[in-house]
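Just so you know, all these numbers are worked out from the coordinates, no wet-lab data involved. Bear in mind that the values here come from a model prediction, so they are computed numbers and not experimental data. Here the Cβ positions follow ideal geometry from the backbone for every residue, glycine too, while neighbour counts run over all protein chains shown.
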Amino acid sequence: MLHLRHASAVLLAAALTSLMPAAAGAQTIINPIGQLQPDLTVTLTASASTIDPYDSLTYTATVRNVGLVAYSDPFRGTNYFNTPASGVAFQHTLPAGVVFGSATADSGFTCSQASGVVTCSGGAIPAAGSATITTRVGAQGSPTTLISRARVDPNHTVAERDETNNSSADVFVTVLPADLAVTLRATPSVYEGEQVSLDVRVSDTNLGEAPSVQAQITLPPGATFDPRMNTGIAAISCTFAAPIVTCPLQRFDWFFNNQDFTIKYTAPHVNRQVSAGVVVDSGHILQEGDERNNTASAFTTVIGLANLVAVTTTHSTVWPLLVERQATVRNDGLGDATNIRWTTEVLAEDNLAQAYDALALVNVNGGGFTCTSAPHPRATLRTVAPYTQRSGQLITCTGGTLAPGQSATLDVTHLLHQLVGTTRSTVTIVDPDQSIRELQESDNRAEDRW
């Protein structure tokens, strides 16, 4: 019977050739077919080669009933000799680590899924025709490589010309690992000694599962960390080993993919911009899709403060000639002090009510100050014949500017009238109204008594 079928095919091909003569110069191909049987093949593709955790993925399988070319020429096209295939079965073994969604097909296939295997049956594919089976799945959160394969006519129930081409090649899809990214935001500017807030956000941009890792924040030199000011879950257990603050993070997953916390530090005593940096998973414990977004930095301008210091001294005296009292105002801080005002009280206290000092000269050097002298408002009118004098002067200096490390000196030279039981005092107060923001106010007054 086999020989008769083969002979029929040869005769049919010859008959077709005789009925369709080739044009001049055209090449006619005749391929006698020994057996008229279907030949089923399958290919499998995936919608992506890499996906994020929990992403969806679509597999497309194409089942073909491959025909043999019996007759072909450039003018009349190609004729195939083949037979349809019916009752075709199909299996798609899903990779571990996916969640089945749906399976649909054409060409009469009916599909179902059980235990990770999609099974389709009842397909009918004509000669040289094809069918499409589409399977949708969802990836889970763990990084992995999904390996999948499909087979047509897995139990060889359809007689085929070739039974060796019924399996697809393996299809590989990479589920990317979690990808942690960190951002850092800092208070833009503060005065030295004030608190700086660092807002940290660590996100898993791939929404995958990630074990607990650490965020490490490097503070600027001279900064002081206070764990009592932290906010956020991750900041509760932060530890400090200068200059690094280490904060443990919670586990990341689909529902918990952003972690925010805030730490605070006291700005160092500088007058410049400082930076803080953060790195997450510094030891690369977690396999990630991108390690380049694991660091961030933020900048804060620290404004140095002035620190005005008053100093009062008295030079040696030669009675009853001249005495020189000296008041110095110095800026020991890191910031400029402008529009400075200071007062120096030059007093003579006389229990016998018989002392008076005649003010001779007031001179100031440095800072651009303008100084004026007037009788001290607390002084008492003293009368010592034939002179009438007050026992004190109040010298006020205004409008000065002192950069860090600069100073201004006030020299007060006067005649000294010394009697038993008299006391002199020089009191200097800088910024008496505290209108200038300073690092501290405790050095703004100085007194010299003699």
Point to revise | Computed over region 36-175: relative contact order in percent, which uses C-alpha pairs under 8 Å that are six or more apart | key: 36
Exercise for review: Using θ = phi - 60° and the Karplus relation 6.51 cos²θ - 1.76 cosθ + 1.60, list the HN-Hα couplings for region 441-447 in order, rounded to whole Hz, with x at every Gly or Pro.
Suggested key: 10, 6, 9, 7, 10, 9, 9
**Study point:** Distance (nanometres) between label positions extended 7 Å along Cα→Cβ at T174 and R136
**Key:** 2.7
Exercise for review: Rounding to the nearest 20 debye, state how big the charge dipole of region 36-175 is about its Cα centre with +1 on each Lys and Arg Cβ and -1 on each Asp and Glu Cβ.
Suggested key: 100
Check your understanding: From the phi of every residue in region 99-113, what ³J(HN,Hα) in whole Hz does the Karplus formula 6.51 cos²θ - 1.76 cosθ + 1.60 yield, where θ is phi - 60° and glycine or proline is x?
Key -> 10, 5, x, 7, 9, 10, 7, 10, 6, x, 6, 10, 10, 8, 9
Point to revise | Virtual spin-label span in nm between S102 and Q195, 7 Å along Cα→Cβ | key: 5.4
Review point. Can you list residues whose amide H is under 5 Å from Q406's amide H, if they're 5+ apart or on another chain and H is modeled 1.01 Å from N?
Key: N331
Check your understanding: Based on the Cβ-Cβ distance of H156 and A114, what FRET efficiency does E = 1/(1 + (r/R0)^6) give at R0 = 22 Å, to the nearest 0.05?
Key -> 0.55
Exercise for review: Tell me the label-point distance for the pair F256, T218, using the 7 Å Cα-to-Cβ offset, in nm and rounded to one decimal.
Suggested key: 2.9
Practice item. Determine, from the Cβ-Cβ distance of T62 and T145 and an R0 of 25 Å, the FRET efficiency 1/(1 + (r/R0)^6), rounded to the nearest 0.05. Key: 0.60
Check your understanding: Once the other residues with Cβ under 10 Å from the Cβ of Q195 are scored (Lys, Arg +1; Asp, Glu -1), what is the net sum?
Key -> -1
Review point. In nm, what is the difference between 0.36 nm times the number of residues separating R185 and V311 and their Cα-Cα distance?
Key: 41.1 nm
